[in-house]
1. What FRET efficiency, computed as 1/(1 + (r/R0)^6) with R0 = 41 Å and r the Cβ-Cβ distance, is obtained for A:MET162 and A:LYS43, rounded to the nearest 0.05?
2. If you take the C-alpha gyration tensor of chain A, multiply each eigenvalue by 5 and take the square root, what semi-axes do you get, largest first, in whole Å?
3. Based on the Cα gyration tensor of the stretch B:364-457, what are the three equivalent ellipsoid semi-axes, each the root of five times an eigenvalue, rounded to whole Å and given largest first?
4. Give me the dipole magnitude in Debye, nearest 20, for the protein assembly as shown about the Cα centre, with unit charges on the beta carbon: positive for Lys and Arg, negative for Asp and Glu.
5. Working only with C-alpha atoms, what are the Rg and Dmax values of the stretch B:52-270, expressed in angstrom?
6. So if I take the centroid of the Cα atoms in the stretch A:124-185 and the same for the stretch B:316-333, what is the distance between those two points in Å?
7. For a quick check of your reading of the filter: which GluC sites (Glu not before Pro) in the stretch A:205-283 sit in a DSSP loop and have no more than 10 other Cβ atoms within 10 Å?
8. Just the C-alpha atoms of the protein assembly as shown: what Rg/Rh do they give, with Rh taken as the Kirkwood radius?
Amino acid sequence: MKLKLFLSLLFSALILFSNVALSATPKTLVFSAIPDQDETRLKQRFDDIAKYLEQKLGVPVKYVPVKSYAAVITAFRNNQVQLAWFGGLSGVQARLKVPGSQAIAQGIEDTKFRTYIIANHSTGLKPSDKFPTGIAGKTFTFGSKGSTSGRLMPQYYIEKHMHKKVGDIFKRVGFSGNHSKTIALVQSGAYEVGAVNYQVWEKELKEGKIDTSKVSVIWKTPTYPDYQWTIRGDVDKVWGKGFTDKVKKALLELKDPELLARFPRSGFIEAKNSDYQPILDTAKSIGLID
Amino acid sequence: MDSVYKHSRAWKVSWLFVLLAGFSLFFSDIEIISLEPWQELKRLFLGLLTPDWSNFSEIIQAFLQTLAFAILGVAGGSAVGFLLAQIFHWRWIQISCAFIRAIHELFWALIFLQIFGLHPLTGLLAIGLPYAATFAKVYAEILEEGDKSALQAISRNASTISTFFYARLPDLWEHFKTYTSYRLECGLRSSAILGFVGLPTLGYTLSSAFMEGHYSVVWALLLLFYLLIATIRYWVRPALLPVYIIAAPFIVANDSTISFDNVQRFFTEDIIPAPIMRGDSLSESWHWLSDLLVNQALPGIANTVVLTQIALVASGILTLLFFPLISSHFFKPVGRTLGHVLLVILRTTPEYILAYILLQLWGPSMLPAIVALALHNGAIIGHLIGRYSLEIQLRADAGRGLNRYFYELLPRLYGQFLAFLFYRWEIIMRESAILGILGIATLGFYIDSSIQELHFDKAMILIFITALLNVLVDALSRYLRAKLRLTTNVDCRASNDYCTARE
């Protein structure tokens, strides 16, 4: 009896799911973004962007929050997300997985992005233009495992200057998860040295969230291309010809300083896949991409 | 000089495990990394005084999702498990179930996330699949060990189905019910944890709040979770279950879709080892595999085993400290109530969340993982042993205090204690592996890294190795229990104990 009930209910549940699954092509454009900072505020950050796009594009737009960089790539690849605000590395990985997808816009700052190496004052490390070889033997934290500014680039430059793998340079290597957390961990001394996205550092510094008596920037990497908007190649088929260009135009025309502060960028400019060749090469050289 | 006094096997095995754990300590990394860990701990507990309910709708949403995934996962798992239990004597069913069980819900979630993305099926299967395998095993044991005398009164012409419903089920129903409702509690913990990898349950909100150090929000979530589990027997009623099961799909439903191309791609491309996909030569393939084994699998296995062995012995030590807290042989009712509260809180908090909290405070060494595993498991077994101790009648002239503990109770409870500890061995190992996702270098760390780097082929091999390791420990534990002749009370009707130990 109970069993039958269980089963029939289970079936109804499955039917409900499959209804969802079988519903025709998605009408709502779904976008997401890598959870690079302040995870509790992701929804507040991007819901207004969805509203802006909806108004500009004339189709329903929805933002879905996602917990990890890899999950955004997977959602994009599975067509559960059609547009995404990726980092350099995650964008390259996503476009490799989804042939036909293109980078359409990047922040003005993203053409010349940097990583800051930051250190707790107990280390005695001082800011310099030369690579701080004194970081050897310290504890070190990256950001997320899939981050460009928090992992790929710092790992590349550190290994290049120290001629060793990061695992052999530091006493301990960790992954904080996101840039805000990296700053908090180095400031509290949980890690002595860390690598952080320079935009997040500057923003939190301006907001007074950083105690500069405890933590400071000791080195800046050379510049590299980073964040960009990437869109799937098949959106024109779903929303009509020229849709990709419409999205691109909407992004390039985004001028509202309050909305731009969410990224935070001063504006968006055109981007193309080839802009990110250096990222791909770097990722290959440290073995993150086969 | 040969002593006439001969140590028992249990005594020798215990010391062997203690020595192994001591040896493991040399290879473990157990320092506190944060410079001001107590500062942060203070902030955490200040948050307890000011729980923040301001995001109430968000909190309620997270709880509804947690409940709905748990109910659907456990209901589906028990239905499938019940069917599997009928054919559990088939060897290959036993093997597949053991294997599925050996993979933690979080690993299943990471796998299904790749196939179904944000679709609710991800969470449903992540709970339902391993739970079905566990249900199959325990239901089969209940059927096996149950009273069969009613069978003799049944007509030989009765069909298998009516025989089952008239001669077996009435006797066993209580066992099924007790075990299934206990598993619902586990399901709630599992469901909560799935949020850590991105499902919209409690863990999602909790980890975000933790990341930002919003401890008042953390406490609001945790307090509500304790309340939910503490009141479980009031809101889980047979009459209400259908309502929950009907409502749950509407709660978890979202508008993401499943594409069969993705499912196919996962099985035919993503998890096929890269050298095969590329058509590498044999030596290149070997290089790829040995690189994976030497640089990821081996260190992962070593750390997982080290953590497991230390945590196992630490759990044992804590159990021996905890059980008197709730035993009338040692404390008056007021003291016992406090003991119960402490043990309930430690038992209810999923070890993953406990480890997460301690990691944030002390930094990612093995120490937080050891403490979390020992506290959680010590509280579970301590609770069971404390209850068993009540059944022991002491003579009026029995010693008090330490004498009572060491000479009267411990010798009588020790077999029971070892049995429970060995039952938890495999569970502790599964958790040790999964804690790697939090940054400790056990197998979970390498699995999570492979997934973050989108190398699903590597992730699958590492998950396979993790499962094998678990099956191995399970077999070893069964061997030791048989060798030491350790058994526990298998009556599910009398108490949840058997269930709790088995998980």
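The values are calculated or read from the model by the stated rules, or taken from the named source; none is laboratory data. Since the structure is predicted, the reported quantities are computational estimates derived from the model, not experimental observations. Note: ideal-geometry Cβ built from the backbone for every residue, glycine included; neighbour counts use all protein chains shown. In case anyone asks, the SASA skips ligands and DNA or RNA and just uses the protein heavy atoms, side chains included. Shrake-Rupley method; radii C 1.70, N 1.55, O 1.52, S 1.80 Å.
1. On the way: r = 40 Å, r/R0 = 0.97.
Efficiency for this residue pair is about 0.55.
2. Details: eigenvalues 271, 108, 69 Å².
For chain A, the semi-axes come out at 37, 23, 19 Å.
3. Details: eigenvalues 338, 30, 13 Å².
So the equivalent ellipsoid measures 41, 12, 8 Å along its semi-axes.
4. Working: 77 positive and 63 negative charges, 212 e Å.
Roughly 1020 debye, rounded to the nearest 20.
5. Spelled out, the Cα radius of gyration and Dmax of the stretch B:52-270 are 19.8, 68 Å.
6. 47
7. Numbers: sites: A:GLU207, A:GLU253, A:GLU258, A:GLU270; in loops: A:GLU207, A:GLU253.
Passing both the DSSP loop test and the Cβ count: A:GLU207.
8. Values: Rg = 27.7 Å, Rh = 28.2 Å.
Radius of gyration relative to Kirkwood radius: 0.98.
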